[in-house]
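Each remark here refers to the structure printed beneath this line.
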Amino acid sequence: MSANRAVVVDPDAPGRLVIRPVADPVPDRGEAIVRVRALSLNRGEVRRSGMAAAGWRPGWDLAGEVERAATNGSGPRSGARVVGLLGEGAWAERVAVPTHALAEMPAKVTFSQAATFPVAGLTALHALAKGGLLLGRRVLVTGATGGVGDFAVQLARLAGAHVTASARRADQGPLLSQLGAHEVVVGEDIPASPKYDLIVESVGGRTLGTALRALARAGVCVTLGVSATAEVTFDAREFFVAGRATLYGLYIFTELAAEPASVGLRRLADLVASGQLAPHISLERPWAEIAQVAQDLIARRFPGKAVLTLD
């Protein structure tokens, strides 16, 4: 019997997610074996779990300790505290992770904090980078109470931008102001004025359609999610008359082909260690509660990130 366990899909179980014995990871030369101490959930992998076949192993975000370093000599040493990213299967006690997707963590960063970095933090970093130098520029973040939005508001403020956060409800305003938003807009519609140099958009539907009319000349709208709906209607004339405006589709696993995850993960870890960035963890539970926490995430019962811890 394997000593390793992982979260797997079981269509007959409540919530479809259960913890079961799985095979021990067999690493390639450029992969380290990591003992996972904390993981976080993202809507994408949870939604896929609702449709996946029995036995599929979800999971992108992980933090833990290197149990066995890569045999080719790359990456963190054995015993190092690390944060990492996998395309699937990260929700397990022990996993093999390519060293280019691992970053060593400063001592001040906890496993729970680090587990929030990979998908949400990296997506926010890469989205903001599409706007170039942000000092003194206007940035709009939609879906700002979500995992990506939370990071994007803080990082845009750190970059010197004037940050507007968009939320579904008025009662979410105080939280967004605490994160660093200068202004908060409420509701599905984005007003046509003021104009923004960069829009980080994760809602889709009417929000994306109206956000496009709020782009400044040469502005960039980065679309990276569809928490409302994937179908979008917008005024094409308003969009092209603005001039040199760009709609950019961002999928983090594609972006990482140009820059390894280790680079951004270390950058995020250093910002947290220095007190400049604070991951918003709304829920921290033992990983045995994975099925319930996943359902709560999809039902939007909490803002920010949910983290599960392993013994």
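The values are calculated or read from the model by the stated rules, or taken from the named source; none is laboratory data. This is a predicted model, so every value here is computed, not measured. Methodologically, a virtual Cβ is constructed for each residue, glycine included, from the backbone with ideal geometry; neighbour enumeration extends over all protein chains shown. Ligands, DNA and RNA are excluded from the accessible area calculation, which covers all protein heavy atoms including side chains. Shrake-Rupley method; radii C 1.70, N 1.55, O 1.52, S 1.80 Å.
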Check: Quick check: is even one residue across the stretch 86-95 over 27 Å from Val226 (Cα atoms), open to solvent by 10 Å² or more (accessible area, probe 1.4 Å) and not in a loop (DSSP other than H, G, I, E, B)?
Finding: yes
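For every residue, the table says whether it meets (1) in contact with a helix residue (DSSP H, G or I) (Cβ under 9 Å, 6 or more places away or on another chain); (2) in a strand (DSSP E or B); (3) surrounded by 20 or more Cβ atoms within 10 Å (Cβ to Cβ).
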| position | (1), (2), (3) |
| --- | --- |
| Val226 | yes, no, no |
| Phe234 | yes, no, no |
| Phe240 | no, no, no |
| Tyr248 | yes, yes, no |
| Thr254 | no, no, no |
| Ala288 | no, no, no |
| Ala291 | yes, no, no |
| Arg301 | yes, no, no |
Check: Among Gly264, Gly249, which is the only one that is free of Cβ contacts under 8 Å to residues at least 60 places away in the same chain, of a type in the set (Gly, Ala, Ser) and at negative phi?
Finding: Gly249
Check: So how many residues does the stretch 96-144 have that are in a loop (DSSP other than H, G, I, E, B) and either open to solvent by 50 Å² or more (accessible area, probe 1.4 Å) or not aliphatic (A, V, I, L, M) (or both)?
Finding: 14
Note to self: Just checking, does the stretch 287-303 include any residue being within 17 Å of Asp61 (Cβ to Cβ), in contact with an Asp or Glu (Cβ under 7 Å, 6 or more places away or on another chain) and in contact (Cβ under 8 Å) with a residue 40 or more places away in the chain?
What the structure shows: no
Item checked: Counted residues, the stretch 153-172 - those being open to solvent by less than 10 Å² (accessible area, probe 1.4 Å) and over 14 Å from the mean Cα position of the chain (by Cα) -> 7
Next item on the list: Report whether or not Glu255 is within 24 Å of Leu133 (Cβ to Cβ) and modelled with pLDDT of 95 or more.
Entry: yes
Notebook entry, point to check: Restricting the stretch 1-23 to residues that are part of a loop (DSSP other than H, G, I, E, B) and of a type in the set (A, V, I, L, M), which is surrounded by the fewest Cβ atoms within 10 Å (Cβ to Cβ)?
Noted result: Met1
Notebook entry, point to check: Asp150 is checked against (1) touching a residue at least 60 places away in the same chain (Cβ under 8 Å); (2) open to solvent by 10 Å² or more (accessible area, probe 1.4 Å); (3) charged (D, E, K, R) and fails just one. What number does that condition carry?
Noted result: (2)
Notebook entry, point to check: Cβ-Cβ below 8 Å, separation at least six or inter-chain, first residue in the stretch 164-180 and in contact (Cβ under 8 Å) with a residue 12 or more places away in the chain, second crowded, with 23+ Cβ neighbours inside 10 Å and among the acidic types (Asp, Glu): which pairs?
Noted result: Leu179/Asp150
Check: What number goes with the only condition from (1) in a helix (DSSP H, G or I); (2) at pLDDT below 95 that Asp311 does not pass?
Finding: (1)
Note to self: Just the residues that are within 25 Å of Gly173 (Cβ to Cβ) and within 15 Å of the chain's Cα centre (by Cα), please, taken from the stretch 259-297.
What the structure shows: Leu277, Ala278, Pro279, His280, Ile281, Ser282, Leu297
Note to self: Cβ-Cβ under 9 Å, sequence separation 6+ or interchain: first residue in the stretch 63-77 and free of Cβ contacts under 8 Å to residues at least 60 places away in the same chain, partner of a type in the set (Phe, Trp, Tyr) and in a loop (DSSP other than H, G, I, E, B). Which pairs?
What the structure shows: none
Check: When both residues are 6+ apart or on different chains and their Cβ atoms are under 8 Å apart, which pairs have a first residue that lies in the stretch 10-26 and is touching a residue at least 24 places away in the same chain (Cβ under 8 Å) and closer than 13 Å to Pro58 by Cα, and a second that is assigned to a loop (DSSP other than H, G, I, E, B) and open to solvent by 70 Å² or more (accessible area, probe 1.4 Å)?
Finding: Asp10/Ala54
Check: Tell me, which residue of the stretch 24-72 that is among the acidic types (Asp, Glu) and outside any strand (DSSP E or B) is most open to solvent (accessible area, probe 1.4 Å)?
Finding: Asp28
